[in-house]
Structures are given as C-alpha cells and as structure tokens.
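*Asks:* Let me give you the structure first, and then I'll get to my questions.
The values are calculated or read from the model by the stated rules, or taken from the named source; none is laboratory data. Since the structure is predicted, the reported quantities are computational estimates derived from the model, not experimental observations. Heads up, the Cβs are rebuilt from the backbone with ideal geometry, glycines too, and the neighbour counts pull from every protein chain shown.
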C-alpha cells in the first residue's frame with residue numbers, strides 16, 4: 001500500500017521501486033522474510049510459506065518489497081531466484097486455472113538449450129494431470145476432432161508418476177530455485193481454492209519450487225469450511241487441512257498503537273494544513289474523544305486508515321467552509337466503516353435532530369411520540385450489522401454527533417436538546433450538507449454570509465450583502481442564525497449588525513405564531529444587544545431608530561435590558577448605568593416619534609409606532625399620561641380615538657393566514673392614562689347612541705375600534721351602575 005499523506009485516494013500497495021514510501025516500518029519484516037527464504041532453500045528442496053494478515057494490513061506491499069529484493073540479486077551468483085506472480089483471479093473456470101498454473105510455471109524456465117529438458121518435463125507433467133476437457137487445448141488439437149485426439153493422447157501419454165520423476169530430475173539438475181507467489185487466496189471461491197491447494201500439493205515436492213501464498217486466515221478458513229472436503233461440522237478440520245499445506249508461517253505484525261496514532265496525527269495535521277484550518281481546543285478535544293473512545297480500535301490496518309482519510313480528502317473540499325470539520329471527520333468515518341449506520345443516520349434524521357417533535361407539536365400532537373432509549377437504538381444498530389463488540393463504540397461516536405442520541409442512549413429523553421451550533425450536523429440547517437457534500441437548494445452558503453457580514457461591518461453594499469438582503473424575508477431563520485453566530489465568533493460589528501437587522505425588520509410579514517421571522521429577529525437581536533460593550537448600547541439604539549420599525553425592534557432590547565425578566569444578562573455597575581442611559585434615550589426617541597405623528601389620529605398611527613405606547617407606559621407612566629392628556633386637552637386627539645386605540649386586536653396563534661380580530665378594551669390602562677370617569681363624562685352621549693348588540697370583532701378599522709370601545713365602555717358603565725358605584 002502506497003502510504004503517503006498526500007495520496008489518500010490511492011489504494012495501491014507499496015511498490016518495490018519506491019520503498020521510501022513505506023511509513024509502516026515494514027523493511028525489517030521484509031529483511032527477516034528474505035533471510036528466511038535463504039534458510040528454507042538451504043534446508044529443503046521445496047516448501048510452502050504463508051504470509052498471513054488481515055485484509056488491508058499490507059500483505060501485497062510486503063510481497064512487492066520482497067520481490068524487489070529477490071530481483072535485485074545478481075544472476076549467476078548461485079543465490080538468485082526466479083520469481084513468478086500467479087494470480088488465480090485471472091481465470092474464469094477450473095480448467096483454465098489449472099492450465100494457467102502450469103503455463104506460469106513453464107514461463108519461469110529460462111530460455112536456452114540447457115533449459116529445454118526442464119521445460120519439456122514440466123509440460124509433460126502438466127499434460128499428464130490435465131483434465132480431459134483441457135487436453136485438447138494444451139496439445140493444440142482441433143476442437144471439432146477433440147474426442148478422437150484425446151483418446152490418442154491418453155493412449156500415448158506416460159503415467160503421472162513417470163512424468164513427475166522426469167520433472168524432479170530436470171528441476172534438481174537445473175539448481176535454480178523458483179518462487180511462485182499467490183496473493184489473495186482468501187478471495188477465491190471454495191472450489192477454486194481447493195484446486196490451487198491440490199496443485200500445490202501435487203507438485204509441491206518438485207525440487208527447487210517454492211510457494212509463497214498470502215491470505216487472511218480467518219477468511220480462508222471460512223472458505224475452506226464451505227468445501228465438501230473440509231465441511232463446517234468440525235471447525236478444527238479446516239485448520240488441520242491448512243497445516244498440511246503450509247510448512248512455514250509468516251504472520252504480518254499488526255500495527256502498533258503508536259504507529260497508528262502517529263500516522264493519524266500526521267494525516268490530521270496535513271488535512272488541517274491543506275484546508276487552512278485552525279482547530280480550536282474544543283474541536284481538537286471532540287476529535288480526540290472520538291478517536292480514543294472508539295475509532296482508533298477500528299483503524300487497525302493501513303487500508304482502513306487510507307480508506308478513511310481518502311473519503312475525507314475526496315469530499316471535504318466541497319464543504320470546507322460550510323460545515324463543522326470535526327463532525328465531518330466523524331460522519332466520514334461512519335460512512336467508511338459502518339455504511340449501514342450512515343444510512344440509518346439519514347433515515348432517522350428527524351429523530352436524531354428532534355425535528356419530528358417540532359412537526360408533531362405543530363399539529364397539536366404533544367407528547368404522543370414514544371420515548372426512545374438505549375434498547376431502541378441498540379436494536380437499530382444491530383440491524384445495521386454493527387458487530388456486538390462494536391455497538392457501544394459506534395454509539396459513542398453517534399452521541400458525539402447528536403446530543404439527542406447521547407441522551408437517549410443513557411436514558412429516555414424527557415426534554416428537548418438546545419439548538420445546536422451552526423455548522424454542526426445536529427443543527428437541522430446543516431445536516432443535509434454532510435450527506436450531499438454541498439449547500440442544498442433553498443439554503444445559503446456560509447461563505448457568502450460571512451462575506452456579507454464583513455460588508456455590514458465595513459458599511460459597504462457588495463453583491464453578497466445584496467443577496468442576503470434580498471433573501472432575508474424568505475430565509476430569516478437560517479440567516480439570523482448565521483449572522484448571530486458570526487457576531488459571537490468575532491465579537492465585533494454588533495452595532496452595525498443591529499442596524500442592518502432593524503433596517504430589514506419591516507420587510508418581515510405580520511404572521512402570528514409562537515415562532516415567526518419577526519420573533520426570531522427579536523430574540524436574536526436581543527442577545528446581540530445584551531452582548532454589546534456598555535459603550536455601544538446607546539449608539540445601537542440610535543442607529544436602529546433611523547429605520548422604519550427600528551425603534552419597535554429596539555423596544556425588545558430595552559425590555560430585555562430593563563424588564564423584570566432580566567435572565568439574559570449579567571449586570572455590572574457599568575452595564576446598569578449604560579442600560580439606564582439607553583432607557584432614557586429610548587423614551588426620548590419614542591416621544592419624538594409620537595410628536596412627529598401628533599397631527600394624526602392615534603387610530604391612524606402606524607401600528608409599530610402606536611405599539612410603543614406600552615413600552616412608554618411601562619418605563620415612564622407619568623410621562624406617557626402627561627403627553628396623552630395634553631394631546632386630548634389641546635384637541636389634537638379626540639378622546640374617542642384615544643379610547644379606540646386601546647382596543648386590542650389579535651390573531652389566533654398557529655393559524656396560518658388568520659385574520660386579526662378585536663378582542664378587548666384595555667380599561668385598566670385607559671383608566672390609568674385618562675380616567676374612566678372622565679371618559680364616561682365626555683363620551684356619555686356617544687355611549688347612549690350605541691345599541692346593546694355584541695360588537696363586531698372581525699372588522700379591524702378605525703371606525704370599528706370606536707364602536708367597539710363605546711360598546712365596552714357602555715357595558716362597563718352599566719355594570720358599575722348596577723353595583724351602585726356611579727361614575728360622576
């Protein structure tokens with residue numbers, strides 16, 4: 001196996017011409033094997049040597065290096081060998097396999113008159129044991145006259161014993177050893193393997209003919225047990241049969257732990273260098289945990305290591321800046337070592353990501369899904385043909401990839417896992433990138449968003465930022481996550497990012513649900529705002545206020561910073577002072593906004609402006625009361641319009657496309673701001689004119705708000721009268 005960190009996609013064995021590519025330290029083993037061949041030659045006229053090792057352990061590389069050393073012995077020194085590489089895979093049936101065996105043996109004999117007798121004796125021996133079906137082709141007989149020709153051959157042919165003795169005499173006189181190498185015997189069909197062993201046994205005592213066979217012992221024994229000669233009843237019988245064939249074992253040394261670790265370290269470093277990665281301590285820790293926890297036990301052969309890093313080398317470049325690189329390495333290992341588990345991961349995507357819960361909850365099916373635990377997943381891993389002794393290790397790797405799996409493996413899940421970081425496979429927005437090796441349609445590249453974020457910071461409008469802006473309304477969830485993650489990663493550009501979000505906030509639809517594009521922007525911008533340096537909190541507020549609905553968005557930041565639920569922040573005296581200044585400036589900006597619209601009826605206010613009244617009241621009730629009463633007193637605003645503005649319109653949560661309806665009148669707030677007695681006194685005649693029929697709640701217009709307010713006020717007034725409270 002050609003082992004270089006820059007050649008992972010090659011599965012070629014080490015070439016005898018380039019032994020410097022051997023990073024596995026096989027030279028010493030090859031030297032020992034070379035010396036063993038010399039000793040075997042001095043002690044035996046013929047022998048069968050077996051090179052034994054698991055698939056992918058480097059057996060073919062050892063054979064190549066050994067062949068190179070044998071070929072390098074000068075001819076005529078008495079120590080040189082004739083080396084034959086015989087590959088049984090090249091033959092499609094048993095007769096051609098037998099014929100090819102002798103043909104290769106015949107080709108090994110040097111040309112020249114002195115070797116003619118040796119060649120003739122080998123040819124005679126091969127004909128004497130050839131199957132009848134192949135005698136015609138060996139002797140050059142016309143197939144149409146094969147029956148008569150074969151009969152003549154049989155009548156004239158010498159016995160097998162005679163031809164064998166002739167071959168023995170010829171080979172002994174030749175005095176030149178022949179080494180026939182047969183690689184990958186474990187990949188033959190049972191009948192082919194038996195034929196090869198019979199041929200070796202049949203001519204195994206010919207002087208100066210040696211065999212070097214190569215195989216994975218466990219696989220070879222399994223093949224032998226499926227032959228009629230050995231059978232599967234007695235497992236030891238296959239071992240006994242093999243011992244009769246093989247005289248000398250060459251067991252390939254397994255990779256040492258330090259060899260594997262050194263090679264993997266070099267591969268990871270080369271990988272990081274090639275793709276300009278700067279691994280963080282957390283990332284290195286995650287990969288180390290996976291490697292030491294299980295993967296190292298499976299990277300036990302050169303082929304396993306090369307196949308693994310070959311998969312990484314083949315596909316990572318396509319998603320280099322789009323996915324978490326550690327997760328990519330772990331997913332690549334699953335795809336290489338446990339392909340059916342990789343398929344299982346794709347099939348069980350919703351379960352692993354928790355998106356099945358979201359779908360069920362969206363349909364009102366809360367809590368119906370059966371909790372999945374270790375038994376559930378263990379059965380699935382077993383069905384995916386994970387061997388029993390590897391189940392826990394594979395589960396460990398899956399747990400590092402998917403927190404929900406980790407939780408389920410140890411105990412049934414009782415609550416949702418937090419949303420995964422951008423780039424991780426457990427984040428629903430990124431899963432498909434790991435299995436499609438690209439940014440899917442409908443998604444947007446992290447590289448593009450990263451460039452756009454820099455343009456936000458720099459205050460320039462490049463094509464990337466224009467693209468992000470044009471797709472913001474359609475892909476709010478994805479883009480908000482990416483932009484917030486970039487802020488957390490860089491810890492800069494917060495003020496500019498908040499202004500950009502404020503400038504695009506008005507583009508988002510007025511959907512009414514628990515989670516909408518608007519709520520995603522509200523909560524994400526809150527987190528960014530609360531992470532700003534104290535010196536930036538007022539500047540961010542003022543920047544946002546320059547844009548339509550920007551102040552409405554900023555109201556969520558002020559609430560998070562000054563409201564009762566201040567769980568998002570860690571107070572310091574500096575921050576407390578900064579947020580107090582921001583609150584003062586926010587109230588100034590709100591009043592300026594109301595001043596600009598004072599010439600309008602409050603019922604004609606833009607919704608996002610009027611809704612600021614609730615923040616104004618919460619933060620400065622006296623100031624809001626004074627301003628409202630002044631507007632009424634100066635007859636800028638009719639009192640009925642003010643009352644109608646405190647009618648709440650809502651839409652059913654979770655109802656796609658649901659219309660807004662009038663729900664209630666904020667009587668308590670109206671009483672605090674204006675005083676109900678004053679309202680009853682001023683609107684008494686209007687209240688008498690309205691009938692007692694239920695108000696129309698489906699018509700959300702300025703006039704319907706007035707009518708709704710009058711009906712609710714009349715109802716409250718009548719109630720107070722029946723209770724004897726009066727209103728004057």
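*Asks:* May I ask you to verify whether residue 246 is surrounded by 14 or more Cβ atoms within 10 Å (Cβ to Cβ) and in contact with a helix residue (DSSP H, G or I) (Cβ under 8 Å, 6 or more places away or on another chain)?
*Replies:* no
*Asks:* Checking the condition assigned to a helix (DSSP H, G or I) and at pLDDT 90 or above, which residue from 309, 328 passes?
*Replies:* 328
*Asks:* Regarding region 462-476, can at least one residue be identified that is under 15 Å from residue 551 (Cα atoms) and more than 28 Å from the chain's Cα centre (by Cα)?
*Replies:* Taking every residue of region 462-476 in turn, none turns out to be under 15 Å from residue 551 (Cα atoms) and more than 28 Å from the chain's Cα centre (by Cα).
Yes/no matrix, rows are residues, columns are (1) free of Cβ contacts under 8 Å to residues at least 40 places away in the same chain; (2) more than 25 Å from residue 529 (Cβ to Cβ):
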{"residue": "410", "(1), (2)": "yes, yes"}
{"residue": "423", "(1), (2)": "no, no"}
{"residue": "434", "(1), (2)": "no, yes"}
{"residue": "456", "(1), (2)": "no, no"}
{"residue": "477", "(1), (2)": "no, no"}
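*Asks:* Collect the residues in region 429-442 that are crowded, with 16+ Cβ neighbours inside 10 Å and assigned to a loop (DSSP other than H, G, I, E, B), keeping them in residue-number order.
*Replies:* Scanning region 429-442 gives 429, 430, 437, 439.
*Asks:* Filter region 700-728 down to residues that are touching a residue at least 24 places away in the same chain (Cβ under 8 Å) and not in a helix (DSSP H, G or I) and give me whichever is farthest from residue 626 (Cα to Cα).
*Replies:* 700
*Asks:* Among the residues of region 677-696, which ones are over 16 Å from residue 643 (Cα atoms) and in contact with a helix residue (DSSP H, G or I) (Cβ under 7 Å, 6 or more places away or on another chain)?
*Replies:* 696
*Asks:* If you go through region 632-655 one residue at a time, how many are buried (at least 18 other Cβ atoms within 10 Å of the Cβ) and free of Cβ contacts under 8 Å to residues at least 40 places away in the same chain?
*Replies:* 1
*Asks:* Every residue in region 667-677 that is assigned to a helix (DSSP H, G or I) and touching a residue at least 24 places away in the same chain (Cβ under 8 Å), please.
*Replies:* Within region 667-677, 667, 669, 670, 672, 673, 676, 677 qualify.
*Asks:* Can residue 293 be described as within 30 Å of residue 49 (Cα to Cα) and either assigned to a helix (DSSP H, G or I) or out of contact with any strand residue (DSSP E or B) (no Cβ under 7 Å at 6 or more places or on another chain) (or both)?
*Replies:* The answer is no for residue 293.
*Asks:* Can you give me the ranges of the helices (runs of 4 or more DSSP H) entirely in region 489-557 with at least 2 residues that are over 32 Å from the mean Cα position of the chain (by Cα) and surrounded by fewer than 22 Cβ atoms within 10 Å (Cβ to Cβ)?
*Replies:* 494-505, 537-545
*Asks:* Suppose we keep only residues that are free of Cβ contacts under 8 Å to residues at least 60 places away in the same chain and not in a loop (DSSP other than H, G, I, E, B) within region 312-323. Which one would you say is nearest to the chain's Cα centre (by Cα)?
*Replies:* Here the answer is 316.
*Asks:* Can I ask one more? With (1) surrounded by fewer than 19 Cβ atoms within 10 Å (Cβ to Cβ); (2) modelled with pLDDT of 85 or more; (3) within 17 Å of residue 85 (Cα to Cα) as the list, and residue 240 as the residue in question, which single condition is left unmet?
*Replies:* Tallying (1) surrounded by fewer than 19 Cβ atoms within 10 Å (Cβ to Cβ); (2) modelled with pLDDT of 85 or more; (3) within 17 Å of residue 85 (Cα to Cα), residue 240 fails exactly one: (3).
*Asks:* List every residue pair whose Cβ atoms lie under 8 Å apart, where the two residues are 6 or more positions apart in sequence or sit on different chains, the first residue falls within region 27-48 and is within 16 Å of residue 171 (Cα to Cα), and the second residue, located anywhere, is part of a helix (DSSP H, G or I).
*Replies:* Close Cβ pairs (under 8 Å, with a partner that is part of a helix (DSSP H, G or I)) amount to 45/172; 47/40.
*Asks:* From 290, 304, 267, which residue is modelled with pLDDT under 85, within 13 Å of residue 329 (Cα to Cα), surrounded by 15 or more Cβ atoms within 10 Å (Cβ to Cβ) and touching a helix residue (DSSP H, G or I) at 6+ places or on another chain (Cβ under 8 Å)?
*Replies:* 267
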